[in-house]
Structure formats: C-alpha cells, structure tokens
Amino acid sequence: MTDLLRITDLNVEYPVGGGRHVHAVSDVTLAVRHGETLGLVGESGSGKSSLARALLQLPPPQRGSVLFDGNELTQMRGEALRAVRPRLQMIFQDPIASLNPRRRVAEIVAEPLIVSGVRDPAERTRRVRAVMEAVGLDPDVVWARRPHEFSGGQCQRIAIARALVLEPKLIVCDEPVSALDVSIRAQILNLLEDMKARFGLTLLFIAHDLAVVKSVSDRVAVMYLGKLCEVADSASLFATPAHPYTAALMAAIPEPDPDVPLGDTKLKPGDPPSPLDPPSGCRFRTRCPHAVDRCAAEVPPLREIAAGREVACHFPLIG
Ligand code: SF4
C-alpha cells in the first residue's frame, strides 16, 4: 500500500509566556496508507489532537512536513489550501458541540458544499439527501430539524454526513465515540467501518481507549508526551507490545487476554511529567519500570525492529 499522508519531523509548540512553550508534538514522523485505518492512541495530553489539527493546518505546525495526496500542506495558503481541504475532513469528539445549534440539519450538511463552490441548489439537495441516507438518517424526517432535537449518536451521524458530503479521501476521527453512551458506540464504529468500505476512505482514528482502537485499526501508533513510542500492525502490537508504555496501556484494558505476555507493566508512581518541561532522553523514563541511566541521557529514536514494526525504546520488550 502506498502512503496517502506522510508526516515528517512534525513539531507543534504552544507559547505560554516568559519564552516557555508547551511541547505538544515533537519530531513525529508517521505515514497513513491508502485505504487503511491507522489508530493513534495515548493518554490525555499525549499530543494526539494537536497532531491531528496540525496536519489539517489548524493551525499549521511550527516545523515539519505534511505531505497529503501529493500536496505539501505546510507550504500552501489561501485558495490553494481550500482546494485541498475537501479531501481531508475531520470528525470531532463532542458531536453536539460540533454542530451549529441555530442551523437546520440540511443546512449543516450542505454547508461544506456551499463553501467549496457547489452553486446548483438541486445538486446540493441531491448530494445531501444521498449522504444522509448513507449514514442512516431519513432526510424527510431530519431535514428541517435542529441538532438539539437529536441524541448524541444521531448528532454524530449528522457530523459524519457533513464530513462525507465532499467525498473526502481521508477522515481524521478525533475521539469520535468517547462522548457517546456505551450502547451507541458500537453503532457509530460500525457506521464508520461501513462508510470506509463504501466510499473507499482512509481513516486516522484517534482515541485514548486501546480497546476501541483495537476493534477498528489495521495499524496502531502509540503516543506519549508528544512523541511516538511504537507503530505496528494491530495484531502484532496487541499480541506482543514492544514498548513499555504500550504494555502499560494494554494492562489497563479491563479484560486483557490472560495469554498475552505483558512483561513488567507496573508504572512508577507519580503524575505524568509536564509537556512544558519534558524529561531528557526518553520522555517515558520517569514512569518506566525498565529505565536506566542511558534512558535519561539519550533520546531513543523510532527504529524498525521487525518488518513494519517500529519502536522508540533502548530496551524494547521484544526483538
Ligand atoms: S528507553 Fe528506557 S525509559 Fe524509555 S521506554 Fe525504553 S526502557 Fe523505558
């Protein structure tokens, strides 16, 4: 599979005054292949959402490259960037907050078409009705209603319809089910799977819940404090986690497979360090049960330890 998106040495920093910066994303290099679902997992504050927004140039990253479908997005501005954006859409965590409460559902779903220059009202109506039906909404029922008349799950269907109406190639799903009732989550995950197959989509699926990521992803990337820890195909990563942080995340899944060898997954006590002043060397060292002096002195590069398997650790749990 070829790459649809390739991020290289991406850095996102937020100034907080006094010359200090939050190092939200640091030197991340990652590819998303055509037609795959890449899960991006990590705790709150690991930089997942900052990474997602930076690749959409919302706002642009401080440093690094974002090559999407042959376009270097970090070099594009204005009309050129607007011409590419329809192919790159995003679904947000809170579906109710992501929809304008004053607009009717038909207007919300049609808005991207208007912004991208589809001037024919009949054409817009045809496409809005088609995408509503695709996501399981009856256009005749929902057309003139407003978001507050719907449940969280239905609002996420509306948000998915809005993302699909421009026929994107890549959808960045930023925690798309974490704000929903557990009973609704499976429906939305199944809908995303159906839409991926039907429209030939590629998904970057961001979540803090490894169990959710496991259920949808072809490959998984794990982030900690703004850095990538591990990238692997889903089956390998869940069978044999190579990075101590991945192993710790897996140990936190409520019903881990007792046959899966997790090694020593017990984290050192204490809070995660601040991204304002991340630890030297390996950023995970203050919580890692395997840390030694070298971990404080040398940044572990993300390196391939097996075909398609990368890990940023001096002493991976496998290989
Ligand atoms: S480099 Fe050292 S501190 Fe970092 S994960 Fe590996 S063993 Fe732990």
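Tabulated data
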| item | result |
| --- | --- |
| Distance-filtered residues of the stretch 101-124 - backbone nitrogen under 17 Å, label point 7 angstrom along Arg82 Cα→Cβ | 111-120 |
| Whole-number percent relative contact order across the chain, with pairs defined as alpha carbons under 8 Å at least 6 apart | 20 |
| Cβ-Cβ FRET estimate between Thr125 and His34, R0 fixed at 35 Å, reported to 0.05 | 0.65 |
| Selected from Thr286, Val220, Leu276, residue furthest toward positive end of dipole (the chain; charges at beta carbon) | Leu276 |
| Contour minus Cα-Cα distance for Glu193 and Ala235 (0.36 nm per residue) | 13.3 nm |
| Gain in span if fully extended, Ser116 to Ala186, counting 0.36 nm per residue against the direct Cα distance | 22.0 nm |
| Cα-based convex hull volume of the stretch 1-55 per residue, rounded to whole Å³ | 77 |
| Coarse-grained scattering of the chain at q = 0.14 Å⁻¹, given as base-10 log I(q)/I(0) from a Debye sum over alpha-carbon atoms | -1.11 |
| Inter-centroid distance (Cα atoms) of the stretch 208-227 relative to the stretch 15-33, Å | 19 |
| With every protein chain in place, the chain: carbon and sulfur % of accessible area (1.4 Å) | 51 |
| Tyr245, Tyr14, ranked by accessible area, largest first (probe 1.4 Å) | Tyr14, Tyr245 |
| Taking N as its residue count, the alpha carbon Rg of the stretch 41-196 over 2.2 N^0.38 Å | 1.07 |
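The values are calculated or read from the model by the stated rules, or taken from the named source; none is laboratory data. Note that the coordinates shown come from a computational prediction; the quantities given were computed from them, not determined experimentally. Here Cβ is always computed from backbone atoms with ideal geometry, including for glycine, and neighbour counts include all displayed protein chains. Accessible surface areas use protein heavy atoms only, side chains included; no ligands, DNA or RNA. Shrake-Rupley method; radii C 1.70, N 1.55, O 1.52, S 1.80 Å.
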